[in-house]
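Trainee: Pasting a structure here, questions to come.
The values are calculated or read from the model by the stated rules, or taken from the named source; none is laboratory data. None of the values given here were measured: they were computed from a predicted structure. Every residue, glycine as well, gets a Cβ built from its backbone with ideal geometry; the counts of neighbours run over all protein chains shown.
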Amino acid sequence: MKIFITISAYVLAAVLIMGAIGHIMNPEISDGFIPNYISKPFAHAVAAVTELSLGVALLLPKSRKFGALWTLVLLSAFLLFHIFDVFRENPVVGSTNIAVVRILFQLLFMYMSWVVYNKK
């Protein structure tokens, strides 16, 4: 189980850090998730800093539990947006099938975060 916890922490860190880079390098991919009344550059900057911080926290053993808990909170907070995306005529992520797969991965990442947070 210890190896699964370690691998989970590194996979989550990689996903978060790549997400942070995506918000800076290719922000238009997730523009559709940001409501029009929020500044898109500001939202991307906050998302990038948050995801990068959590990714780094997951890499460091002393902050891993903290990083896992807040990754779980972040993923839980945005799960509803991704569920709504499945039912859009034109999902932000491309197709309905991709939107469903995204939710499945998000649930997997939530489970991994929970396992890392509760490591024994």
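Trainee: Among the residues of segment 79-99, which ones are more than 18 Å from the chain's Cα centre (by Cα) and surrounded by 14 or more Cβ atoms within 10 Å (Cβ to Cβ)?
Mentor: THR96
Trainee: If I ask for residues that are surrounded by 14 or more Cβ atoms within 10 Å (Cβ to Cβ), under 18 Å from ALA14 (Cβ atoms) and among the aliphatic types (A, V, I, L, M), which ones from segment 42-75 would you list?
Mentor: ALA47, ALA48, LEU52, LEU54, VAL56, ALA57, LEU58, LEU59, ALA68, LEU72, LEU74, LEU75
Trainee: Right, something else. (1) charged (D, E, K, R); (2) assigned to a loop (DSSP other than H, G, I, E, B); (3) surrounded by fewer than 15 Cβ atoms within 10 Å (Cβ to Cβ): which one isn't true of LYS119, the others all being true?
Mentor: Just one mismatch for LYS119, condition (3).
Trainee: From the list SER113, SER39, SER76, SER30, which residue is more than 15 Å from the chain's Cα centre (by Cα) and among the hydroxyl-bearing types (Ser, Thr, Tyr)? So that I can check it myself, show each step before the final result.
Mentor: Details: SER113 fails: more than 15 Å from the chain's Cα centre (by Cα); SER76 fails: more than 15 Å from the chain's Cα centre (by Cα); SER30 fails: more than 15 Å from the chain's Cα centre (by Cα).
Answer to the selection: SER39.
Trainee: Which one of the conditions (1) polar (S, T, N, Q); (2) in contact with a Leu (Cβ under 8 Å, 6 or more places away or on another chain); (3) at pLDDT below 95 does THR50 fail to meet, given that it meets all the rest?
Mentor: Answer for THR50: the failing condition is (3).
Trainee: Here's something else I'd like to know. Which of (1) touching a residue at least 40 places away in the same chain (Cβ under 8 Å); (2) of a type outside the set (A, V, I, L, M); (3) surrounded by fewer than 18 Cβ atoms within 10 Å (Cβ to Cβ) does SER39 not meet, given it meets every other one?
Mentor: Result: SER39 passes all but (1).
Trainee: Quick check, is ARG88 of a type in the set (Lys, Arg), within 19 Å of GLU28 (Cα to Cα) and outside any helix (DSSP H, G or I)?
Mentor: When the stated conditions are applied, ARG88 passes them.
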